[in-house]
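Presented below is the structure to which this report refers.
The values are calculated or read from the model by the stated rules, or taken from the named source; none is laboratory data. In this text the structure is predicted, and so the values were computed from the model without any measurement. Here the Cβ positions follow ideal geometry from the backbone for every residue, glycine too, while neighbour counts run over all protein chains shown.
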Amino acid sequence: MSLVVGVDAGGTSTRAIAVDAAGVVHGTGAAAGANPNSHPPAEAAARIAGAIESAVDGRTDVLGVVVGMAGESKLSDPAVAAEFTAAWERIGLGGLVRTTGDAEVAYASATAEPDGTVLVAGTGSIAGRIRGRRMVATAGGHGWLLGDEGSGFWLGREAVRATLAALEGDGPLDGLAEAVLAEAFGPSAVDLSDRFAVMWSLVTHANAEPPVRLARYAPLVSAAAAAGEPVAEEIVERGARHLVRVARATREPGEKTPIVLVGSVLAEDSPVGARVRAEFAGLTVLTSSDGVLGAAWLAAVQAWGEDTPRPSRRVNATKT
């Protein structure tokens, strides 16, 4: 009995599973984050290779591996690609590993349909057109400096901007503004008697951190919007419109294929996610379940064909 391996390699964690032709999971592996944009490429490659080795547990009858990786575009650099190729060779899988973007495996985790749209909104955001289970076109996804509208980063930045606007005015500093200041400085560390000083302290604080840290304010927007705060509701509404726009940009007129939503911003209990789902009422809108299952299924289809069962989460306790 042969196996295939699926890997979901993100910025903070990496997971691998080995499955057979019946979709049964025979081994698992895990490692730290392996996005080559946020980790040294050699380190990222070694982490993925280690997770694969743990999943196959010495088995040599591996037919193929699909790695869904955040930051996959980094492999367009030949030097980076060489690091990953060397890692596959070291574990005896040279030529058997296909690396793709994490959006493709997220799409495959939610539906068996070969064509559709994937919309991702976590820390960043991007929409992709899926054809034959491959992403053939994208909209958005240009990073925090040039885009990522509607993402966790974008929501957090808008929360800080709204707080700065509140500090420049003379209205009450409650709700979202109060929550942002408490997150930035601590619940009792701000003397609001000098709004001008607090404003510039917040500017300095935000600029002193890596830009991606602004994403930590995104949940505050969701909470304030759920409480009915107008400023937060307006931010949520704009974020949802941005995400709907990029998703529609990848779709053909009248297209009825599924839309798969990925990421915390688009979760079912998120106010942004609720608005995006409402905009696509009448279409099949799905939520990505588990990227590693999607990667494993793509590897299985590649090895055994379209009728291969989708993997389950249950791990076979019997060594084979």
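Identify all residues within the stretch 45-70 that are under 25 Å from residue 107 (Cβ atoms), among the small types (Gly, Ala, Ser) and out of contact with any helix residue (DSSP H, G or I) (no Cβ under 8 Å at 6 or more places or on another chain); write none if there are none. Correct list: 51, 55.
Just wondering, is there one or more residues in the stretch 2-10 that are over 25 Å from residue 137 (Cβ atoms), modelled with pLDDT under 95 and either over 19 Å from the mean Cα position of the chain (by Cα) or not polar (S, T, N, Q) (or both)? Yes: one or more hits.
Taking each residue of the stretch 120-149 that is under 20 Å from residue 294 (Cα atoms) and looking for partners that are among the hydroxyl-bearing types (Ser, Thr, Tyr) and surrounded by fewer than 21 Cβ atoms within 10 Å (Cβ to Cβ) with beta-carbon atoms closer than 6 Å, six or more apart or interchain, yields 122/264; 126/138; 128/138.
Return a yes/no flag: does the stretch 304-311 have any residue that is modelled with pLDDT under 95, in contact with a strand residue (DSSP E or B) (Cβ under 7 Å, 6 or more places away or on another chain) and either in a helix (DSSP H, G or I) or closer than 30 Å to residue 18 by Cβ (or both). Checked against the condition, which is being modelled with pLDDT under 95, in contact with a strand residue (DSSP E or B) (Cβ under 7 Å, 6 or more places away or on another chain) and either in a helix (DSSP H, G or I) or closer than 30 Å to residue 18 by Cβ (or both), the stretch 304-311 yields at least one hit. Count of the stretch 2-24 residues, restricted to those that are farther than 20 Å from residue 107 by Cβ and in contact with a helix residue (DSSP H, G or I) (Cβ under 9 Å, 6 or more places away or on another chain), is 5. Here 72, 53 are screened, and the one residue that is assigned by TED's automatic domain parsing to the domain that holds residue 105, at pLDDT 95 or above and not small (Gly, Ala, Ser) is 53.
The set of residues in the stretch 52-64 that are part of a helix (DSSP H, G or I) and closer than 23 Å to residue 135 by Cβ contains only 52. Screening residue 131 against (1) closer than 18 Å to residue 34 by Cβ; (2) assigned by TED's automatic domain parsing to the domain that holds residue 260; (3) of a type outside the set (Phe, Trp, Tyr) leaves a single unmet condition, (1). Selection of the stretch 11-34 for residues being modelled with pLDDT under 90 and either assigned to a helix (DSSP H, G or I) or buried (at least 19 other Cβ atoms within 10 Å of the Cβ) (or both) yields only 11.
Just to be sure, is residue 43 free of Cβ contacts under 8 Å to residues at least 24 places away in the same chain, part of a helix (DSSP H, G or I) and on the phi < 0 side of the Ramachandran plot? Taking the combined requirement at face value, the residue satisfies it.
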